[in-house]
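Working notes for the structure below.
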Amino acid sequence: MFKNTAQILLFTILLTLVVVKIEAWADPPPPPAGTTTPAGQAASPAPAKPAAKSPAKPAAQAKPAAKPAANSPAKPAAKSPAKPKTPAKSKPKPPALTTAQAPAKPAEPTALATAENPNAPFLPVGVKPYPKDADADGILKSFLGIPFRVDGVVNDEGRWATWNRPDKTLPSPGFNCSGFLLEAVRHLANLGLTLSQAAFDRDDDSGPDSEMGLDWDYGLDALLNLTGAELDELLPAPKNGKLQPNEAGRPEGLGLDINGPDFPKLIQSLPPNGVYAFAISKPDRRFKGGLSYYHVGIVHADGAGNVWIYQCTARAGTHRLNLNNPGGIAAIRRYFPPIRAAERRFVLAKLNPARLSLIPPTPKATLAQSPDPEADPDAAKAPETLAKAAEAVTKGPEAMAKPIETTAKPIET
């Protein structure tokens, strides 16, 4: 059929052109934009373009629809009380504060009066309850740890106050030395003695016009008023009334030198199970007579050979020391060191509850003020002493018997 290669090649080219032409006729290219297409072919391209445009238009219309959707949740959000719920949760706070403050308001003392003893004292807030059959140590230990307060006392209604403002109730406990003595005797005697009874000027010799000065013998009066003792029953027995001159002719208080050799002997001579009040005097330039009975407390000789001194001081609050050993004697002497060449004198009176009553003494024009000997500048210099005393109270009687170190200087007047 083909005579040479050229003919074969030519036939192949022609055949290829024919095939291409047939394929082009069977599937023509889409018409260019803007041209008119035959009716048979318009159906496929026409829907393609509108289909592309129709989603675009609905998309554009969907935006306005989205805005109302955005606005509609905003209105319900404003109407929904989300924020009002928060204040509703915070409302319980004021009641909580009120409830927390309610217990602090009262702290009312406990009345110990009964039908058998309507004149029993109150148990002040902060003082530990003790059994009805408690002995003297059991009662006195309930006061340990009560802090010192200048002029602090429990008033006649069993509330914490001060001697010069017994009508003004204080929220927390606090004694001075005479405030502790009064409250201790109230409970030891189971009798609600009054402030006026404790401060009564027995000999009318320490008023504003006294030659010795106002309240110069306050501690001695309190000692006698709260024990029922008479002057000639004091230990050691006095020689010249309330005063006795020293070798230089200056007045000195009753008793013996707390820093002298006879003081330990007096302590060792006390019979067991005896309860005493004590008073300490010193030369004191604040008073016209140069002397004051300025500190008081309790001494208890128990049945186990111990002699406890209970007192309240600025350095250690209400605490006790065992005087029937060298450590206790050394400790009490640190509290009351000698004043120059003068003496601090110590005197005792035995507590006799049968002599005490609620019969009021002759009223005074003003209630005597108790000098606060421990409220001195040197006391503030030894805060570590208070911490040691508090620690000793926690550890028990053995620790309290040890001497309490102090850096305070001797108080000079």
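The values are calculated or read from the model by the stated rules, or taken from the named source; none is laboratory data. Bear in mind the structure is a predicted one, so any value in this text is a computation, not a measurement. Glycine also receives a Cβ, built like all others from the backbone with ideal geometry; neighbour counts cover every protein chain displayed. These accessible areas exclude ligands, DNA and RNA; they are computed on the full protein's heavy atoms, side chains included. Shrake-Rupley method; radii C 1.70, N 1.55, O 1.52, S 1.80 Å.
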Q: Indicate the gyration tensor shape class of region 164-292 (rounded, prolate or oblate), computed on the Cα atoms with a ≥ b ≥ c the square roots of the eigenvalues: a/c under 1.5 is rounded; otherwise a/b larger than b/c is prolate and the rest oblate.
A: oblate
(Q) Please compute one quarter of the surface area of the Cα convex hull for region 106-239 and express it in square nanometres. (A) 9.6
Q.
For the pair residue 233/residue 135, report the inter-label distance in nm, with labels modelled 7 Å from Cα in the Cβ direction.
A. 2.3
Q) Of the cross-linked pairs 168/288; 141/265; 239/282, which ones have a Cα-Cα span greater than 28 Å in the structure shown? A) 168/288
Q) Tell me, what ³J(HN,Hα) does each residue in region 294-307 have, in order and in whole Hz, if you take phi through Karplus 6.51 cos²θ - 1.76 cosθ + 1.60 with θ = phi - 60° and put x for Gly and Pro? A) 10, 9, 9, x, 10, 10, 10, 8, 7, x, 10, x, 9, 10
Q: Sort the following peptides by mean Cβ neighbour count (other Cβ atoms within 10 Å, averaged over residues), highest first: 265-277, 207-219.
A: 207-219, 265-277
Q: Just round it to a whole percent: the fraction of Cα-Cα distances in region 109-157 exceeding 17 Å.
A: 43
Q: Quick one: go through region 122-147 and flag any residue whose amide nitrogen is under 12 Å from the point 7 Å out along the Cα-to-Cβ line of residue 172.
A: 147
Q.
Students often get this wrong: which residues of region 128-160 have the backbone nitrogen under 17 Å from the point 7 angstrom along Cα-to-C-beta of residue 114?
A. 129-136, 139
**Q.** Fraction of accessible area attributable to carbon and sulfur, region 258-331 (%, probe 1.4 Å)
**A.** 53
Q: In whole Hz, with x marking every Gly and Pro, tabulate ³J(HN,Hα) for region 260-275 from phi via Karplus 6.51 cos²θ - 1.76 cosθ + 1.60, θ = phi - 60°.
A: x, x, 7, 5, x, 5, 4, 4, 5, 7, 5, x, x, 6, x, 10
Q | Exposure rank, largest accessible area first [344, 159; 1.4 Å] | A | 159, 344
